[in-house]
Amino acid sequence: MPVEAEDESRASVEEDTVRARSYEEQARSHTANGDYAAAAAALTEAIALAPSVGYYYYLRANARGHEGTRDEALDDYARAIALGFDSYGVFHDRALFFKCLGEIEEALADYHRAIERNPRSPESRNNRAMIYLQRGQLDEALEDLRVAVEHSAEAVTPNDGTYECSMAEVLCALERWDEAERAMRDAIEVDGKWLEYARSADELRGIRSRFA
């Protein structure tokens, strides 16, 4: 290829990259405003300009997930991974999507993958623990929550006592009442909203009277 043609091709690619990033910024703005259809549309434009960037498929998957378009969202997650964007966030977010769909085995498999990439993630550990609790795998749930509580300061969203509350639920299932009470009081110390939950939740019926 002549030098002039190479320069023109390189300039065209750079221009497309800049335009794709502009669409990405538009998508972020739409997402912040809750307009997921517009976000998905902007990301489609970004992908047309930069079809090998897995990150854009990941972002569009999340937008489509909020829209409730199952097959399209899952296809985008798969494309992102196939293009090498196989970070913690992809598997954590796809696990959340699977869980919302009621596809628990798929969600659990993706939480495994997410935790392999970020073993200290409080969010993934807590969410996997709740699946383990539903399945009666209480020792596994307790271990996940031990890690979640220990590393709660590393959560993307500040901990509001959710991890301690989850710990209390698992300890109640194990009939370890005193430990469950302590965990629940830790949750309440973080955020007083948990007091009413402690007084009413079926999951805590073994210790509810202690919070009367």
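The values are calculated or read from the model by the stated rules, or taken from the named source; none is laboratory data. This structure is a prediction, so every number in the text was calculated from the model and none was measured. Don't worry about glycine lacking a Cβ; one is built from the backbone with ideal geometry, like all the others, and counts go over all protein chains shown.
On the given criteria, is residue 69 without any contact (Cβ under 8 Å) to a residue 12 or more places away in the chain and among the β-branched types (Val, Ile, Thr)? In short, yes.
Of all residues in segment 147-188, how many are within 25 Å of the chain's Cα centre (by Cα), exposed (fewer than 15 other Cβ atoms within 10 Å of the Cβ) and assigned to a helix (DSSP H, G or I)? Let's see the steps before the verdict.
As a first pass, look at segment 147-188 and keep what is within 25 Å of the chain's Cα centre (by Cα): 147-171, 183-184, 186-188.
Still in the list and also exposed (fewer than 15 other Cβ atoms within 10 Å of the Cβ): 150, 153-154, 156-158.
Still in the running and assigned to a helix (DSSP H, G or I): 150, 153-154.
Number of matching residues: 3.
Mind checking which residues of segment 54-83 are assigned to a loop (DSSP other than H, G, I, E, B) and either surrounded by 21 or more Cβ atoms within 10 Å (Cβ to Cβ) or at pLDDT below 95 (or both)? Steps first, please.
So in segment 54-83, the residues assigned to a loop (DSSP other than H, G, I, E, B) come out as 68-69, 83.
Once the filter is applied, which keeps residues that are assigned to a loop (DSSP other than H, G, I, E, B) and either surrounded by 21 or more Cβ atoms within 10 Å (Cβ to Cβ) or at pLDDT below 95 (or both), segment 54-83 yields 68, 69.
Can you pull out the residues in segment 81-108 that are of a type in the set (Asp, Glu) and over 17 Å from residue 63 (Cα atoms)?
Scanning segment 81-108 gives 86, 103, 105, 106.
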